[in-house]
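Encoded as structure tokens, the structure appears first; notes follow it.
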Number of protein chains: 2
Amino acid sequence: MVKAVILLSGGIDSSTTLAFAKREGYECYALSFDYGQRHRIELEASQKIAQLLGVKRHLIIRFDMREIGGSALTGDFEVPTVTFATKKERLQSQIEIPVTYVPARNTIFLSFALAWAEVLEAPYIFIGANAIDYSGYPDCRPEYLWAFEDMANLATKASVEGRLRFEIKAPLLYMTKAEIIRLGTSLGLDYSLTWSCYNPQEKAGKLLPCGRCDSCYFRIKGFKQAGMEDPLHYA
Amino acid sequence: MVKAVILLSGGIDSSTTLAFAKREGYECYALSFDYGQRHRIELEASQKIAQLLGVKRHLIIRFDMREIGGSALTGDFEVPTVTFATKKERLQSQIEIPVTYVPARNTIFLSFALAWAEVLEAPYIFIGANAIDYSGYPDCRPEYLWAFEDMANLATKASVEGRLRFEIKAPLLYMTKAEIIRLGTSLGLDYSLTWSCYNPQEKAGKLLPCGRCDSCYFRIKGFKQAGMEDPLHYA
């Protein structure tokens, strides 16, 4: 079996990517990060999904991005509420990358994935990046991913010695959220286990998704467009 | 003052790079990593040097590369002893990259530097990479560094929005270790504060450099070729 490292946040995109990689026959190594995110609850989702999908190993790397800051997700700003509903308004808002952007996050995540892939001798690194229904983060765009791949193949002992050529695989890159949800559903993925919300709300001692942040917005829209019911309850 | 992030391990190259960046007039932000290295004592050196050179801030990021493994520096193998003395033998040995290579280490370090640089609005990231008197690590070579720079400028909100263009600066890239030591000395750098050894040895309750690892080898050779005395005492 060919090995692959899969970045797994526990959201819809990364969970579907893992289900897809499993279906394609890879031996899957899931990698998650406890980086000081305010929606740390996503790690519980990632653990459930990694276990349910039978990954070979699930590694959670810990570091504190709050020391670097610069993001609403690490507590420097409030998570903004998405107050617009139409696609046109949404597109207009995307002129600015939202404050939920975390500086160089995917670069840091992919760098750890590269290190692990080299040790495992895994040529493939899967990432659930999406450039259609997304927040406009620069490190989700195809040109970024391919630049990372080029760099990765100059960075490592295994690639320089000709033993491995690393490939970044982003199978969801050009899919809409609705298409992603339909794909995952066809793969038997239980979306009730996933977590998307950036800004969890406590209600009767339980954390619920806010339903109003960027990430909830795309999730809710995706289920709606897929003609399916989102199994999560919102605050 | 233009800001710069400087990767600082506390060794000769990174300390000289910091002294150089200070001399060039940058406002310096030093970045070090506590990553499970067996020569963790280098962090004490980095702290002394950061303080002495008056950096604006010194940040130490913590994560555990031992979970990923694959390196003598994180305890998976013994640190090999350099048993050859001539340049020819040294060059022959460099056909293989030594086991002190840490998978994707500079990629991880530069990724955190990029995140911090973006938050600080610092266009420059200094790294003490050297491709002359070095262990053959792939992530010290110029082609790698420029590929990282290309990727970095596609990765970040600040670069995509046109506010910053990141530049990786490696002023020591083509210098011999002797040239580096002479440069640092001319900048007033006190090399007694630096730490190079991969494999510290305890002697009378004190940690001393081994004098036999790859890193000690280049240090000792550098001082010898510079016609100077290494201020460190070896085990």
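The values are calculated or read from the model by the stated rules, or taken from the named source; none is laboratory data. Fair warning: this is a prediction, and the values are worked out from it, not measured in the lab. Every residue, glycine among them, receives a Cβ derived from its backbone with ideal geometry; neighbour counts consider all protein chains shown.
Before moving on, here are some points about what is shown:
- Scanning the stretch B:132-151 for residues that are of a type in the set (F, W, Y) and touching a residue at least 40 places away in the same chain (Cβ under 8 Å), we see that the one that is nearest to B:P103 (Cα to Cα) is B:Y137.
- Residue satisfying all of: in the stretch B:43-74; assigned to a helix (DSSP H, G or I) and of a type in the set (V, I, T); modelled with the lowest pLDDT among these: B:T74
- Search result, residues across the stretch A:109-141 that are surrounded by fewer than 21 Cβ atoms within 10 Å (Cβ to Cβ) and in contact with a Leu (Cβ under 6 Å, 6 or more places away or on another chain): A:P123, A:A131
- Filter pass, A:Y198 being surrounded by 15 or more Cβ atoms within 10 Å (Cβ to Cβ) and free of Cβ contacts under 8 Å to residues at least 40 places away in the same chain: no
- Residue match in the stretch B:176-187 (condition: in contact (Cβ under 8 Å) with a residue 40 or more places away in the chain and within 13 Å of another protein chain (Cβ to nearest Cβ)): no
- Candidates B:A129, B:A104, B:A122, B:A152 - the one that is in contact with a Cys (Cβ under 6 Å, 6 or more places away or on another chain) and among the aliphatic types (A, V, I, L, M): B:A129
- Positions within the stretch B:6-42 being within 10 Å of the chain's Cα centre (by Cα), part of a strand (DSSP E or B) and farther than 12 Å from B:K56 by Cβ, in sequence order: B:L7, B:S32
- Answer from A:L31, A:L59 - the residue that is surrounded by fewer than 22 Cβ atoms within 10 Å (Cβ to Cβ), among the hydrophobic types (A, V, I, L, M, F, W, C) and out of contact with any Ser or Thr (no Cβ under 6 Å at 6 or more places or on another chain): A:L59
- Here the condition is being assigned to a loop (DSSP other than H, G, I, E, B) and not aromatic (F, W, Y); of A:C197, A:C216, it holds for A:C197 alone.
- Residue ID - farthest from the other protein chains (Cβ to nearest Cβ), chosen from residues in the stretch A:133-162 that are among the acidic types (D, E) and within 22 Å of B:G69 (Cα to Cα): A:E149
- Pair list, Cβ < 9 Å and 6+ apart or interchain, from the stretch A:15-41 residues that are under 16 Å from A:I125 (Cβ atoms) to residues that are part of a loop (DSSP other than H, G, I, E, B) and modelled with pLDDT under 95: A:Y26/A:M1; A:E27/A:M1
- Listing of helices (runs of 4 or more DSSP H) fully contained in the stretch A:76-194 that carry 2 or more residues being at pLDDT below 95 and within 30 Å of B:P123 (Cα to Cα): A:87-93
- Taking residues in the stretch B:74-88 that are more than 16 Å from B:C197 (Cα to Cα), and partners anywhere that are of a type in the set (G, A, S) and modelled with pLDDT of 80 or more, the pairs with Cβ atoms closer than 7 Å and at least 6 places apart or on different chains are B:D76/B:G69; B:D76/B:G70.
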